[in-house]
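Participant: One structure is given below, represented as structure tokens, and several questions about it will come after.
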Amino acid sequence: MAQLFTPLTLRGITLKNRIVISPMCQYSAEDGFTNDWHLVHLGSRAVGGAALILLEATAVSAEGRITPDDLGIWKDEHVPGLRRITDFLKAHGAVAGIQLAHAGRKASHSSPWKGGAVVPASEGGWTTVSPSAVPFTENEPAPHELTLAEIQQIIEDFRVATRLSLEAGFQVIELHGAHGYLLHEFFSPLSNRRTDQYGGSFENRVRLLLEVTEVTRAEWPTELPLIVRISATDWTEGGWTPAESVQLAKLLKDRGVDLIDCSTGGNVPAAQIPVGPGYQVQFAEQVKREASIPTGAVGLITDARQAEDIIASGQADVVLLARESLRDPYFPLHAAFELGVDVAWPPQYERAKPRRR
């Protein structure tokens, strides 16, 4: 049996294989609400055989959206549309997960195919927030530096989003602490210049992520897994480091986190990142080995044997697919055939299932 197709149990949830669909923003919502695009996009990955499907970065407040077109989970009215998706995913053999997020200083931008620029207030944009009044790029407005009271409100927003996620039928939550969004902005010294209890030392910079984790874990049922995505390095001198990621992973493990999803970068625009096949797998391997916690590997994982090698060698416990899943929603079914594993196809597609001669 190929290791890629062995089950993995996290608390009370068992994944049927080690293939996870990474959160991928679709920029296709209105006021945070799902629509048929999200159902078809996510549902096709369940039909395609993925074990866990993580919804795109879903904002815990309207101001936490990257763009006005992002999904949200800050009000009760969002739940029915999300429930429609989770019911479909589970009916087709996938575990339904959601990535809870706040975009921080990278919020209030237009969607990529609309130019990606800052959206001015006159066109529906809003003031962004961050640990410090340091813009992402020099030509963008400085974000508002969060007060202590505003930080507490953001923690509460994550708590409410956790409750709504349970009502919507999700079985896994991933907290988004990567890619230069708010939680990452706090723990990276490149964006956090505070001098209070949320800035300065390592312990202070990781405080917000730990507090969000604690309220999420307290609200989330004990039998359901909690994942945290981190950027394991800023790829920039003076920034966040892999050694700090290991240290953070140990603290997250102590607070009930079940898996660390290891991505990198995103907090500064000029980072020199050596992009190539599997370029981030090394960080999943390091965190898994040194923090003794399950990890997920992501980043240019594009073929079945590459994915199998990552799992079989013990570098990570799951692989997360993004762009390859966009190219091939049925990657798990095709990978199983390539690796000689017989997995069930949806009965509607059975006539197309390849057979070994």
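Participant: Using beta carbons and a limit of 7 Å, which pairs, at least six apart or on different chains, have the first residue in the stretch 109-135 and more than 20 Å from His184 (Cβ to Cβ) and the second one in a loop (DSSP other than H, G, I, E, B) and β-branched (Val, Ile, Thr)?
Facilitator: Close Cβ pairs (under 7 Å, with a partner that is in a loop (DSSP other than H, G, I, E, B) and β-branched (Val, Ile, Thr)) amount to Ser110/Thr67; Ser110/Val119; Ser111/Thr67; Gly125/Val119.
Participant: If you scan the stretch 184-221, which residues turn out to be surrounded by fewer than 23 Cβ atoms within 10 Å (Cβ to Cβ) and closer than 15 Å to Ser165 by Cβ?
Facilitator: Val215, Arg217, Ala218, Glu219, Trp220, Pro221
Participant: Of the residues Leu321, Leu300, only one is at positive phi and not basic (Lys, Arg); which?
Facilitator: One residue alone meets the criteria, Leu300.
Participant: Go through the stretch 1-14 and give me each residue that's in a loop (DSSP other than H, G, I, E, B), of a type outside the set (S, T, N, Q) and either at pLDDT 95 or above or closer than 21 Å to Pro68 by Cα (or both).
Facilitator: Of everything in the stretch 1-14, those that are in a loop (DSSP other than H, G, I, E, B), of a type outside the set (S, T, N, Q) and either at pLDDT 95 or above or closer than 21 Å to Pro68 by Cα (or both) turn out to be Ala2, Pro7, Arg11, Gly12.
Participant: Got at least one residue in the stretch 180-201 being free of Cβ contacts under 8 Å to residues at least 40 places away in the same chain, β-branched (Val, Ile, Thr) and farther than 24 Å from Gly97 by Cα?
Facilitator: yes
Participant: When Ala50 is evaluated against the numbered criteria (1) surrounded by fewer than 24 Cβ atoms within 10 Å (Cβ to Cβ); (2) among the aliphatic types (A, V, I, L, M); (3) within 25 Å of Phe337 (Cβ to Cβ); (4) touching a residue at least 60 places away in the same chain (Cβ under 8 Å), which criterion, by number, is the only one it fails?
Facilitator: Looking at each condition in turn, Ala50 falls short on (1).
Participant: Look at the stretch 238-256 and say how many of its residues are of a type in the set (A, V, I, L, M, F, W, C) and either outside any helix (DSSP H, G or I) or without any contact (Cβ under 8 Å) to a residue 24 or more places away in the chain (or both).
Facilitator: Matching residues across the stretch 238-256 total 2.
Participant: Filter the stretch 53-70 down to residues that are surrounded by fewer than 24 Cβ atoms within 10 Å (Cβ to Cβ) and within 26 Å of Ala344 (Cβ to Cβ), then give me how many there are.
Facilitator: 0
Participant: Would you be able to say whether some residue in the stretch 289-304 is out of contact with any helix residue (DSSP H, G or I) (no Cβ under 7 Å at 6 or more places or on another chain) and over 22 Å from Ile53 (Cβ atoms)?
Facilitator: Yes: one or more hits.
Participant: Quick one: which strands (runs of 3 or more DSSP E) lie wholly within the stretch 15-114 and hold at least 3 residues that are closer than 28 Å to Leu209 by Cβ and in contact with a Ser or Thr (Cβ under 7 Å, 6 or more places away or on another chain)? Even if it seems obvious, please write down each step before you answer.
Facilitator: On the way: elements: 19-21, 52-59, 95-101.
Result: 95-101.
Participant: Being touching a Ser or Thr at 6+ places or on another chain (Cβ under 6 Å) and assigned to a helix (DSSP H, G or I) is the filter; apply it to the stretch 279-313 and report the residue that is farthest from Gly265 (Cα to Cα).
Facilitator: Step one: filter the stretch 279-313 for residues touching a Ser or Thr at 6+ places or on another chain (Cβ under 6 Å), giving 280, 284, 287-288, 298.
From what's left, assigned to a helix (DSSP H, G or I): 284, 287-288.
Working: Ala284: 14, Val287: 16, Lys288: 19 Å.
Checking each candidate, the answer is Lys288.
The values are calculated or read from the model by the stated rules, or taken from the named source; none is laboratory data. Quick caveat: nothing in here was measured; it's all calculated off a predicted structure. Note: ideal-geometry Cβ built from the backbone for every residue, glycine included; neighbour counts use all protein chains shown.
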